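I have placed the structure first, in the form of structure tokens, so that the comments after it can refer back to it.
Here, each number is a calculation from the coordinates, and none is a lab measurement. Everything numeric here is computed off the predicted structure, so don't read it as measured data. Neighbour counts are summed over all protein chains in view; Cβ atoms, including those assigned to glycine, are modelled from backbone coordinates with ideal geometry.
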Amino acid sequence: MPYLSHLSEDSDFTDILFRDPDRYGPMNAFTQKLLRGPSELTVEERELIAAFVSATNSCQYCHGIHAAVAQRFGTDPDLVQSLVDDLDGAPIDNKLRAVLHFARKLTLTPAKIVAADAEAVLAVGWSERSLEDVIGITALFNYYNRILDGHGIKGNANIFSEGSGILAKRGYKFPKIVAKFLYWRRRRKDSQ
């Protein structure tokens, strides 16, 4: 159960975002640029990184929703858990494996990142811009994991299914007027 009175077991990140769009809206816009903007990394790969980082942090909400979004773009449903269980033995190419090794180390021991970690990503063919994207996605989802876990929002299968459909179709940018409408509609529904 979430820790704040305005949240419920059916809450998701939009309950935080829409309650205070001036505070959280810029992060949502940044997420849109990072996960849906131009990149050598596909949308599926970026969503997979988000799910992997979140699974590494044991963030049930972010892992669930971003694994579901990645699936909508073609990821095997069991892949994220396979990556967490055995990154080196998981069925992915070495180019993506290098990215996920970097993301895991940046998540678990950020102060121990060294030049060799970045060089390993570049050596398999990623550009410096792609490495910046990986760093941004990893940092962003460490932030989101703490926001969601800090609020006690865990999600459920229905939220993951519905939310992943919206995110796969729309991305992460909600105009303020849409955010306010959805927030008040949800509040009205919760009070009935």
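Odds and ends about this structure:
- Computed over the range 39-168, the Cα gyration tensor eigenvalues convert (square root of 5λ each) into semi-axes of 23, 16, 13 Å, ordered from largest to smallest.
- Folded to 0 to 90 degrees: helix 176-191 orientation relative to the chain principal axis, Cα: 60
- Between ARG36 and LYS173, the distance separating the two model label sites (each 7 Å from Cα on the Cα→Cβ line) works out to 0.7 nm.
- Cα-based helix-to-principal-axis angle, 157-170 vs the chain, degrees rounded to 10: 70
- Over 28 Å (Cα to Cα) - which of LYS112/LYS154; LYS105/LYS154; LYS95/LYS154 fall in this group: LYS112/LYS154; LYS95/LYS154
- Note on the chain: with a GNM built from Cα contacts shorter than 10 Å, the maximum mean-square fluctuation among TYR143, TYR172, TYR61 falls on TYR143.
- Distance between the range 107-176 and the range 11-88 - C-alpha centres, whole angstrom: 6
- Where labels lie 7 Å past Cα in the beta-carbon direction, separation of LEU122 and GLU9 in nm: 5.1
- Other residues lying with their Cβ under 11 Å from the Cβ of GLU47 contribute a combined charge of +1, Lys and Arg counting +1, Asp and Glu -1.
- Relative to the longest principal axis of the Cα atoms of the chain, the long axis of helix 60-72 makes an angle of roughly 70 degrees.
- Here is how the number arises for the chain: DSSP H runs of 4 or more residues each give -39500 (n - 2.57), the sum is divided by the residue count, and the result at 222 nm is -22500 deg cm²/dmol.
- Rg to Rh, two decimals, where the range 1-115 supplies the alpha carbon set and Rh follows Kirkwood: 1.00
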